[in-house]
Structure formats: C-alpha cells, structure tokens
C-alpha cells in the first residue's frame, strides 16, 4: 500500500495546487448573467483559435484584411461578432467559464481508459481526497510514516473512494489532459 499511495500522491505536482484550492476556499467568480452551453463554448474556442492565428503578432492593431479574416473565422464557427465579444468578456472575468472552456477544448479521454470512466462525482471525491492526502503527507518529500500512511488511506476512504480506485484515478491524471481539466473545473467550482 505504501508505494502505491506514494506514487498516487506524486500527481499533486501535476495538479499545481488546483485541488488544494477547492478545499481551502471556493474561488470567487463573476456573476454570470448568461448561461453558456458547452456547444457555445466549443464554438467560441474554435473561433478564438482562428482569431488568434489571424491577429498581428507584434501587438499592433489588425489590418483591415486581418479584421476580415477574424470576422470570417467567428462566423465560420457559428457565432456573430457581438456574441463572440460578449462571451470573450465573460470568459475573461469568470473562472468557471475559463475552466469549462478548457474542458470542452481538450480532447476526450480515450474510450475504455480509466480517465474516461471517471464520473463527475468521482472527480469531486478525488479532488477532496487528494487535498486531505496532501495535508497528511510529510513535509519535504520524505517517506511517510506508518501513521501518515494510515491517515492518507483514511482520508481517501472518508471521501468515499476505495484506495485502489483513488490510485487508478491518480495514475490516469498524469497522462490524461481531459481528466486534469475536469479536476481543475471541479476545483474552481469549489466542489
């Protein structure tokens, strides 16, 4: 159990503290007057990538030709310019929308993989359990004592995950961008 739990805890570095933030205090976000669907966020992400590609790289104002290319890209993504600008403003001020945009812009986890099988409830449980495990870990990367190992295992169980499922999810986090994005979204939501 010790080596497996220690290996699982190593994913904390990949999460960059996002999971810790969810347990410490919910992050504040701007109040959102409009609820955006995943399809709208996907269209926005597609349009934004094309707009960035057409934008001047030196920070100067775009030329008329670049502006036309950007407008065409927005329309090709199924949006009008006013909606694109409204969503751009909302995304720039709302951490939840930013995290949702990351999730919808990230490729799906491979079918049949551990990451693809992780439910939304497990994402929340894993995030909370990881925060508790992190709190029980020894400082400075030292090997955990028997008591610390027991505390880490108890933290995982307290959040409703079996130790083997926690370890499977932890192993998948390191190699699955979509799962990391889902964990970040849960952290930002303060779940």
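The values are calculated or read from the model by the stated rules, or taken from the named source; none is laboratory data. Treat the numbers as computed from the prediction; the structure is a model and nothing was measured. No Cβ is skipped: glycine too gets one built from the backbone with ideal geometry, and neighbour counts run over all protein chains shown.
A few remarks follow.
- Residue 134, sole failed condition from (1) outside any loop (DSSP other than H, G, I, E, B); (2) at pLDDT 95 or above; (3) under 21 Å from residue 185 (Cα atoms): (2)
- For residue 144, the requirement of being surrounded by 17 or more Cβ atoms within 10 Å (Cβ to Cβ) and either more than 21 Å from residue 179 (Cβ to Cβ) or in contact with a strand residue (DSSP E or B) (Cβ under 6 Å, 6 or more places away or on another chain) (or both) is met.
- Filtered residue count, the stretch 84-109, keeping only those that are free of Cβ contacts under 8 Å to residues at least 24 places away in the same chain and over 17 Å from the mean Cα position of the chain (by Cα): 2
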